[in-house]
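Working notes, structure below.
The values are calculated or read from the model by the stated rules, or taken from the named source; none is laboratory data. All values derive from a computational prediction rather than experimental measurement. Cβ placement follows ideal geometry from the backbone for every residue including glycine, while neighbour counts extend to all protein chains displayed.
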Ligand code: NAD
């Protein structure tokens, strides 16, 4: 099969980790008989430097013509003093909106080999941890009406949290169908004891659940979820939630794994189209030094194989290859704990070793 992929390497360590993801994909292509056509495009700081705009129209057009998008990372010190609207990171919001990426999937997986990196007591994560956060990405308070008004207490600012039934329904379907392929449990997170928008959220999620009798649903308030994630994280399989709660909980969950360099993400639209990127940013402090861990980018490419191209065997092969390299004690600097069994490797060697395991 032949697949068209838009490649946005971006800034900082983006190009370094992207090069290794493409190396691994090329290996998958050779081993499994697929052809991946890459077309590069600019976004973020690199695009500002080249044409004065963080998200050029041609990048949007290329993404829309492609089967999937791979994105490295965006941003850096060089552009930190630009006003909000002109900052490189605006390109991320623009891509989400233009490509209608309404479902954000962030797995928080604690690799057995990296159990030491987990900040929780070992007994809380004994036997591993595998939580998938499904976050609604294009609605809610981040996209609601906002503004200022005068009040007797001075100026007031407001941001409106609003969810329409269809927005809740489509993200709920994503969560339930994912859970059906995993351990079959969805925890829907809201604040229905206070918020009207959460009460509607809960009603619609319950309706959708009726169509998935094999999946167990429970509802949990967001404040309780924040506590449960650090005291009993193994109770969760899929966490389904809105934009703002998901933003906060997904960072909390990913930190339980302790290693930002190994966390992938997917943002999906309808029809299996998706944008795949590591959870980490552009890490300007280590850019260009062969220190960046490419595993998050490589595992994001594995998610692309699984969710957009439907290539589960190939995705498994990439994930297993990453685990094997970790089992052999190979560690990029972010994962080094000073153990005698560790072998310190750089970005390029990590990519070569992983590709070699496929
Ligand atoms: P960051 O994720 O870039 O870095 C945080 C820390 O983690 C740094 O010490 C960095 O060296 C380390 N780190 C990150 N990725 C790593 C990797 N793959 N291997 C080894 N170490 C890694 O977050 P930050 O410092 O807050 O932000 C830096 C820039 O990235 C900012 O301009 C920010 O806006 C941008 N950013 C972009 C995205 C994105 O493109 N999706 C996401 C977050 C931040």
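Just to be sure before I move on: is residue 326 within 16 Å of the ligand (Cβ to nearest atom), surrounded by fewer than 22 Cβ atoms within 10 Å (Cβ to Cβ) and closer than 29 Å to residue 268 by Cα in the structure I sent? So residue 326 fits the description; yes. Of the residues in the range 41-50, not one is closer than 23 Å to residue 298 by Cα, more than 20 Å from the chain's Cα centre (by Cα) and away from the ligand (no atom under 16 Å from the Cβ).
The set of residues in the range 159-182 being farther than 24 Å from residue 256 by Cα and free of Cβ contacts under 8 Å to residues at least 12 places away in the same chain consists of 166 alone. The C-beta contact set for the range 216-238 (first residue under 13 Å from residue 248 (Cβ atoms), second residue in a strand (DSSP E or B), distance under 6 angstrom, 6+ apart or interchain) comprises 222/189; 225/189.
How about the range 23-38: which of its residues are more than 16 Å from the ligand (Cβ to nearest atom), within 24 Å of the chain's Cα centre (by Cα) and under 26 Å from residue 293 (Cβ atoms)? Quick ask: steps written out before the conclusion?
Looking only at the range 23-38, we keep the residues that are more than 16 Å from the ligand (Cβ to nearest atom), and these are 25-38.
Adding the requirement that they be within 24 Å of the chain's Cα centre (by Cα) leaves 25-29, 36-38.
25, 26, 27, 28, 29, 36, 38 - these are the residues of the range 23-38 that are more than 16 Å from the ligand (Cβ to nearest atom), within 24 Å of the chain's Cα centre (by Cα) and under 26 Å from residue 293 (Cβ atoms).
May I ask you to list the residues in the range 131-158 that are in a strand (DSSP E or B), free of Cβ contacts under 8 Å to residues at least 40 places away in the same chain and surrounded by 10 or more Cβ atoms within 10 Å (Cβ to Cβ)? Walk me through it before giving the result.
Let us first name the residues in the range 131-158 that are in a strand (DSSP E or B), namely 131-136, 146-151, 154-158.
Narrowing further to those that are free of Cβ contacts under 8 Å to residues at least 40 places away in the same chain: 146-151, 154-158.
Passing the criteria: 146, 156, 158.
Which residues, counting only those in the range 292-332, are within 17 Å of residue 350 (Cβ to Cβ), outside any helix (DSSP H, G or I) and under 18 Å from the mean Cα position of the chain (by Cα)? Please lay out each step first, then the result.
Going residue by residue through the range 292-332, those that are within 17 Å of residue 350 (Cβ to Cβ) are 292-302, 317-332.
Filter once more, so that each one left must be outside any helix (DSSP H, G or I): 292-294, 328-332.
Answer for the range 292-332, where residues must be within 17 Å of residue 350 (Cβ to Cβ), outside any helix (DSSP H, G or I) and under 18 Å from the mean Cα position of the chain (by Cα): 292, 293, 294.
If you filter the range 82-110 down to residues that are within 15 Å of the ligand (Cβ to nearest atom), in a loop (DSSP other than H, G, I, E, B) and in contact (Cβ under 8 Å) with a residue 12 or more places away in the chain, you find that the one that is surrounded by the most Cβ atoms within 10 Å (Cβ to Cβ) is 88. For the range 295-306, state whether one or more residues are without any contact (Cβ under 8 Å) to a residue 40 or more places away in the chain, more than 16 Å from the ligand (Cβ to nearest atom) and more than 14 Å from residue 14 (Cβ to Cβ). There is at least one residue in the range 295-306 that is without any contact (Cβ under 8 Å) to a residue 40 or more places away in the chain, more than 16 Å from the ligand (Cβ to nearest atom) and more than 14 Å from residue 14 (Cβ to Cβ).
Return the residues of the range 56-81 that are in a helix (DSSP H, G or I) and more than 12 Å from the ligand (Cβ to nearest atom); say none if nothing qualifies. Correct list: 57, 58, 59, 60, 61, 62, 63, 64, 65.
Residue 313 meets the stated requirement of being over 22 Å from residue 122 (Cβ atoms), surrounded by fewer than 18 Cβ atoms within 10 Å (Cβ to Cβ) and in contact (Cβ under 8 Å) with a residue 60 or more places away in the chain. Residues that are part of a helix (DSSP H, G or I), touching a strand residue (DSSP E or B) at 6+ places or on another chain (Cβ under 6 Å) and within 12 Å of the ligand (Cβ to nearest atom) within the range 1-16 comprise just one, 14.
Remark: pairs (first residue in the range 270-293, closer than 28 Å to residue 99 by Cα and in contact (Cβ under 8 Å) with a residue 24 or more places away in the chain; second residue assigned to a loop (DSSP other than H, G, I, E, B) and more than 11 Å from the ligand (Cβ to nearest atom); Cβ separation under 6 Å; 6+ apart in sequence or on different chains) = 272/308; 274/308; 275/101.
Looking at 180, 184, just one residue is modelled with pLDDT of 95 or more and surrounded by 14 or more Cβ atoms within 10 Å (Cβ to Cβ), and that residue is 184.
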